[in-house]
Amino acid sequence: MNQNTLVLLASISLLLPFLGFVLLIFFGKKRLPRQGDIIETGFVLGSLVLSFIVFFNKILYFPEPIEWKFEWVNFGFVENWGEMKVTLGILIDNLSATMLVVVNVISSLVHIFSIGYMKDDVRYSRYFAYLGFFTFSMLGIVLTNNFFTMYVFWELVGVSSYLLIGHWYEKKSASDAAKKAFIVNRVGDFGFFVGIMIIWASLKTFNFGEVFAGIEQGKLSGGLLTAAGILVFCGAIGKSAQFPLHVWLPDAMEGPTPVSALIHAATMVAAGVYLTARTYAMMSADALTFIAYIGAVTAFIAATIAITQTDIKRVLAYSTISQLGYMTMSLGSGAYVAGFFHLVTHAAFKAGLFLGSGSVIHAMHHALHKIHDHHTDPQDIRNMGGLKKKMPITYYTFLIYTLAISGIPLTSGFLSKDSILAGAFAFGKLSGHVVIPLIGFFVAGLTAFYMFRLLILTFHGEPKRKDIFEHIHESPKVMVFPLVILAVLSLWFIFGPNPFDASTTWVEKYIHKPKSVVPHDQQFEFNLPKESVLVTEYEHALHEAHIPAMLLSLGMAGLGILFAFLTYQWGKISAEKVANALKPVYTFLKNKWYFDELYQNTFVLATLGISRFARWFDLKVIDGIVDGSAHLTKLWSFSVGKFDWNIIDGLVNLLAYITGFFGYITRLLQNGKVQTYIIYVVFAVIVLFYIFLG
Amino acid sequence: MQILGIGILTWIVFLPIVAMVFVLFVPKGREIWIKWISVVATGIQVILAVVLLLNYRYDLAGVNTLEGFQFVEKYRWIDVSGVAWFGRIVIEYFLGVDGLSMPMVVLTALISFIGAIASWELPKTKGYYALYLLLDTGMMGVFVALDFFLFYIFWEVMLLPMYFLIGIWGGPRREYAAIKFFIYTLLGSVLMLLVMIGLYFSTSIIDPVTGEKVHTFNMLAMMDPKNYEPGSIFSGLHTTWRYIAYIALFIGFAIKVPIVPFHTWLPDAHVEAPTPISVILAGVLLKMGTYGMLRISFPIFPDGMIKYALPMAILGFINIVYGALAAMAQEDFKKLIAYSSISHMGYVVLGMAALNTQGVTGAIMQMFNHGTITAMLFLIVGVLYDRAHTRGLYEFGGLANQMPKYFGIVIIAFFAALGLPGLSGFISEAFVFLGAFQTYKWIAIFSATGVIITAGYILWTTQRLFFGQLPEKWKNLPDINARELVTLVPLAIIVIFLGVYPSPLINLMNTSVNHLVRFVSEMGQAGMQLGILP
Amino acid sequence: MLVNLSGLKNVGLEHFLIVGAILFSLGIYAVVTRKNAIMVLMGIELILNSANINFIAFSKYSTADLSGHLAAIFVIILAAAEAAIAIAIVLNIYRNFLTVNIDEIDNLKR
């Protein structure tokens, strides 16, 4: 197997889901058997097999990145530029190979789960087509070797997300959420695009490798480099739902639950983290600090909100945001591998959590349907409780995921979270940004607390609605199967033999932090390699921080779990009393820090207001001027007409009148009476006589 | 290249006129013949455009060199010797294409063909199609004429049928819209006419036949400073008169584009015009403004272009953002699309103002892509209006289930309009921004916010039309029919194809664009030092 | 016819002319002032006869030539013819208009 075969296999793996999309969209509903779900799922499974082949070959036999390029457009020779062309292509390195597998695994499992979950849906075929389109776009992000196609697929996942969130578009809330998701993402993408413009204008290429090489040569540095880094990261802020653009993700839960699992938990939202990892080499110290703070703030905000939410999917959504903030923070604080590791582990257990919640919602939905209750919200955890007995498989898998996300040993989450916290610890110690590790540890506790709150309220205790409870059943096999697989994937042995040491995992072994290409004066001092020692100061600190971080994070998680049990399981602490005691805080958190209201009342209303003003301006002012000038012209022409009528014609008429007047006068003499004439004659004769004779 | 002894460009320009004569002689009661004659004639035009494409040489630049033009036809048209002090008048029948006009020729042929099919159901067939074909000739002529006088004639020829097509076949406020359109455009024409006459008296070339010096309307001659008579009004570079002329010409073309604040004829004309005429208006006519700038303003007044590039870029930015904002506030579907046209033409202006390869390439691509995308959008509005007889955005909802095929087409067109990668609109917008960013960083960045607003109004429109519950009164709305699909699907294919692989279009214009950019920037910046006669 | 005219010795040409002038003036007066067509006609007769008197008088007091008489006779004949025609016209007018007031007969004027 050589490089070209690998590229070919990766390309096929990329295109298979797209082929499924095309088939389903044109023939799905009427021509294909079972509306084509098997075909689409088969394609994605094929893609999964190929991605495994690519993955193992890559990490075992090809230590160097494999790149394949082709010339897409060519502008020819351009003054002040040289040969201007855009080349696109595929890049397979360990990072993308791993991500390829992650995306395909989750996608396949979600496809399988959906066969059960979406059964009897009105747009069953359309749903699978969009899933295929999403998988294609996501794989495109993973495999691309340049900023341009990255942006292209970046937007395409946005569209598939839009279409899938709005899958049940008859509901206003669903179509609103879809719209919101797309527009908020567009805001982030705007920054991303500006970043790309900076890169293209200064480095004349989109290719990652060439861009990094160009930065290393000093073609882009200083404030502009930091700006480019932050702007590219803006794309991640939008896509990965980081503060301040995190508002779309909770609303995106309007989509079908498997979609939430695939897109809004495991893969698409992680694309922001992937992008940051991809472009990591060009991030300057300032940009990294910015990233770390954004991540930390996001993690904190989302975790605090998650505590108060009662919708099972919204709790998970905020936990996703929080975990994504973790990853971002980790990348920003220099723990590159840990951040990516957490992406991988989080993909499995968070997809599992969502699918598990999907299983619960599915059961609730059917139970409500049975008792003809169409008003109760099937996603509200206040209506659940005690489901453990009825849905054992869902419960136990859900427990594993919850343990994983809380960072309890023997789970994958423990490995990755521990690394992140160690990285934050080291970063805080060396850079003086102590807020970041503080938030990191605090959020670890919060995470354990709200996740166990969710678990307890849903599965433990007494059922709150007996009537519903009686009709609850475990989900069908096709839905349970992915849950089990994901639970297995959330255990430590998938990644490494030692459940307490992340450095023994294959992720740490094969994924390496890329060498920064940023000029040395724009890097953190402690990240620079020293001549005397082999490891950088940071790596040293990281190593030292490992054990304390682990103990501290375990302690925080244990504390969180303890409080959750005290409050919700054993009833030692009354949640209501606490809420009442901290009324303002509680209301503030319950309302999600009022972000939606803030944005609605500022940006949205302002834009709408300005747009109405623009319309008014057009209609009244510009058209007013246009119509006004038309009226003026008309007025002018009327007055010209009046002038013509009165003055010029008046003069002519006056002349005629005068002539007529004289005519009238003279006519009086000519009265037509002969006798008068005779008088004239006589008179005249007399006069003549007088003149001539007298 | 000739067919039956007549040049292919003459064929492509005057074929509609020939068809018009046939149409006029069709007896009463045979309206179907008229339709077929028109569709076949415009269809042949498309074939001729394809023939042109196949024989097009990609290495020739054109712009200001006669040798660079292809399929050239150059004959004496009007030659009056010695009219008192006026001197000898020579006007040439001078046609030719280069990379700037070739995409426009293809676009015009294509949109005319699709418009002819879309006109199938309109009343008063004979008059309609006769005017339509005349309009077609006018548009095509504008894009291939290389003699300023001829250009002006075609420019005016297209105006008259448009007036009647809006004024007779239009909506309720058609008279107002038609008159507004006519007077606006005429205002632009007058400015253009004045500049043209000034240029005529300023330039003179040696007549190859008689050897005497004669004034000329030849555009290519006007681009060469050596041909300007010393002491004449436009001689030299960077003179006040040349700036004035550039601005006058700019306004003349800006009205057509339309550039804010000369744009208010557009929403009225587009909304009142019948569907196929809206398609023509947005698809082709708007491009005549920007094409005129590229073909005439830039190479003839490079100094003015350079001097006023920044204001032009700002106008482009205003167009993008203002148009998008105004679109967002509209409640009439068609008016919204009309404003989106203003916004999208802003990208063209911005790209041209950047005056570099990506910017101008992006601008011309945007001209072509906007032509196809907006044609789709107006056809889409027409489909809905034909069925529901209303365009109020708030009156609809849930159409996605009622008209699934229609929904599919609309999604393609809408996403193309909001610049979704993979569809043609994105490519051109991206290149415009990449180009503009090199010249005007902040303007490019601010303009890019237009992309967000565009997403806003497009998605909001999608939601209002297609999502939610279907109102009771639209329960019987039929889905899109075969004839309408015939008009929409080819455009959708082009939109997708050029979105994935824009190289054919880029290669078509590339040589010319590079040449134009170099020529204009060198001429504009070099100023007086260039070899101008004393 | 022998008439002693010696008693008229003091009567000269002037006296005839004065009579003629008086007669003429009366005629004019009649023509101008009378509304009745007949009376106008009679005025005209007076004028003609004043002319006759002048003719005769001049003939008498100038060379022995009969041209004056001759003219007078012509005038008498013409006056007779004129009177005949004019009275016929007046009669016809009367028949058509039932009046001979010349102020009322102004059809041509309208």
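The values are calculated or read from the model by the stated rules, or taken from the named source; none is laboratory data. These numbers were taken from a predicted model, which means no experiment stands behind them. Heads up, the Cβs are rebuilt from the backbone with ideal geometry, glycines too, and the neighbour counts pull from every protein chain shown. The protein model used for the area step is the full one, side chains on, heavy atoms only, and it has no ligands, DNA or RNA in it. Shrake-Rupley method; radii C 1.70, N 1.55, O 1.52, S 1.80 Å.
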- Message: Greater than 26 Å separation of Cα atoms is the criterion. Which listed pairs, A:Lys69/A:Lys515; A:Lys171/A:Lys388; A:Lys85/B:Lys307, meet it?
- Response: A:Lys171/A:Lys388; A:Lys85/B:Lys307
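How many square angstrom of accessible surface are buried between B and A, both sides summed, with a 1.4 Å probe and rounding to 100?
Accessible area lost upon association: around 4900 Å².
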- Can you work out the FRET efficiency for the pair C:Ala84 and A:Ile658, with r the C-beta to C-beta distance and R0 = 60 Å, to the nearest 0.05? 0.75
- Query: So what is the 222 nm mean residue ellipticity for chain B from helices alone, if each DSSP H run of at least 4 adds -39500 (n - 2.57) and you divide by all residues, rounding to the nearest 500 deg cm²/dmol?
  - Reply: -22500 deg cm²/dmol
- Note on the structure: Computed over the stretch C:13-109, the relative contact order (Cα-Cα under 8 Å, seq sep at least six) in percent reads 28
- Kindly point out which whole DSSP H helices in chain B project their C-alpha atoms 30 angstrom or further along the helix axis while averaging a Kyte-Doolittle hydropathy of 0.0 or above. B:31-55, B:148-169, B:174-202, B:333-354, B:357-388, B:441-466, B:503-526
- When the C-alpha atoms of chain B are aligned to their principal axes, what extent does each axis show, in angstrom, from largest down? 78, 60, 42
- Mind pulling the angle between the C-alpha long axis of helix A:285-308 and the longest principal axis of chain A? Nearest 10 degrees, somewhere in 0 to 90. 80
- Item | Inter-part distance where the stretch B:455-470 and the stretch A:619-656 are each reduced to a Cα centre, Å | 48
- Task: Take the cross-link list A:Lys417/B:Lys441; A:Lys592/B:Lys441; A:Lys172/A:Lys590; B:Lys213/B:Lys256 and give me the ones stretching past 30 Å between alpha-carbons.
- Result: A:Lys417/B:Lys441; A:Lys592/B:Lys441; B:Lys213/B:Lys256
- Order these peptides, A:272-282, A:37-47, A:212-222, by their mean beta-carbon neighbour count within 10 angstrom, highest first. A:272-282, A:37-47, A:212-222
- Query: Can you pull the mean other chain C-beta count within 10 Å for peptide A:677-685?
  - Reply: 2
- Item | Reach of B:Lys35 by Cα under 24 Å, taken over lysines that are not fewer than 8 positions away in the same chain | B:Lys124, B:Lys126
- Per-pair calculated FRET efficiency, R0 = 45 Å: A:Val640 and B:Lys475 via Cβ, rounded to 0.05: 0.20
- Give me the aspartates and glutamates in straight-line cross-link reach of A:Lys464: C-alpha distance below 16 Å, same-chain residues under 8 apart excluded. A:Asp311, A:Asp373, A:Asp377, A:Asp380
- Each residue of A:70-79 has, on average, a number of other protein chain C-beta atoms within 10 Å of its C-beta equal to 6
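Per residue of B:323-331, how many C-beta atoms from partner chains lie within 10 Å of its own C-beta, taken as a mean?
6
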- Accessible surface of the protein assembly as shown, 1.4 Å probe, proportion on carbon and sulfur as whole %: 69
- Which of A:Ala302, A:Ile658, A:Ser357 sits closest to the plus end of the dipole of chain A, meaning its Cα is farthest towards the positive end, when Lys and Arg get +1 and Asp and Glu get -1 on the C-beta? A:Ile658
- Note on the structure: Projecting the Cα atoms of B:Ile259, B:Ile197, B:Ser232 onto the charge dipole of the stretch B:187-274, where Lys and Arg contribute +1 and Asp and Glu -1 at Cβ, the residue farthest towards the positive end is B:Ser232
- Query: Do you know the relative contact order of the stretch B:13-168, to the nearest whole percent, from alpha carbon pairs under 8 angstrom that are 6+ apart?
  - Reply: 28
- Excluding ligands, DNA and RNA, what is the solvent-accessible area per residue of chain B at a probe of 1.4 Å, expressed in Å²? 31
- Send over a whole-number figure in Å² for the accessible area per residue of the stretch C:13-109, probe 1.4 Å. 66
- Message: Just to be sure I understand: if I project the alpha-carbon convex hull of the stretch C:13-109 onto a plane and average over all orientations, what area do I get in nm²?
- Response: 6.7
- For the protein assembly as shown, diffusion coefficient by Stokes-Einstein and Kirkwood Rh (Cα), 37 °C, 0.692 mPa s, µm²/s: 88
- A convex hull over the alpha carbons of the stretch B:290-342 yields, per residue, a volume in Å³ of 57
- Separation between Cα centres of the stretch B:267-330 and the stretch A:531-570, rounded to whole Å: 60
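Could you order A:Glu83, A:Glu474 by accessible surface area, starting with the largest, using a probe radius of 1.4 Å?
These residues rank, largest area first, as A:Glu83, A:Glu474.
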- Using the alpha-carbon centroid of each, what span in Å lies between the stretch B:15-39 and the stretch A:321-371? 66
- Item | Tilt relative to chain A, helix A:172-203 - C-alpha long axis, 0 to 90 degrees, to 10 | 90
- Query: How far apart, in nm, are the 7 Å Cα→Cβ label points at A:Leu559 and C:Glu104?
  - Reply: 13.9
- For the stretch C:13-109, size of Cβ-based charge dipole, Lys and Arg +1, Asp and Glu -1, in debye: 140
- Given the peptides A:163-173, A:421-431, arrange them by the average over their residues of other C-beta atoms within 10 Å, most packed first. A:421-431, A:163-173
- What's the FRET efficiency of A:Ile573 with A:Phe613 using the Cβ-Cβ distance as r and R₀ = 35 Å, to the nearest 0.05? 0.10
- Excluding same-chain residues fewer than 8 positions from A:Lys58, which aspartates and glutamates have a Cα within less than 15 Å of its Cα? A:Glu67, A:Asp93
- Query: Tell me: how much accessible area in total is hidden between A and C, 1.4 Å probe, Å², nearest 100?
  - Reply: 600
- Query: Across all directions of projection, what mean area in square nanometres is found for the Cα convex hull of the stretch B:351-453?
  - Reply: 7.2
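Hey, what D do you get for the stretch A:481-636 in µm²/s if you plug the Kirkwood alpha-carbon radius into Stokes-Einstein at 25 °C and 0.890 mPa s?
For the chosen part, D equals 102 µm²/s.
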- Query: If you line up the long axis of helix A:336-370 against the longest principal axis of chain A, both from Cα atoms, how many degrees apart are they, to the nearest 10?
  - Reply: 80
- Item | Area of A:Asp618 that stays accessible when all protein chains are in place (1.4 Å probe, Å², to 10) | 0
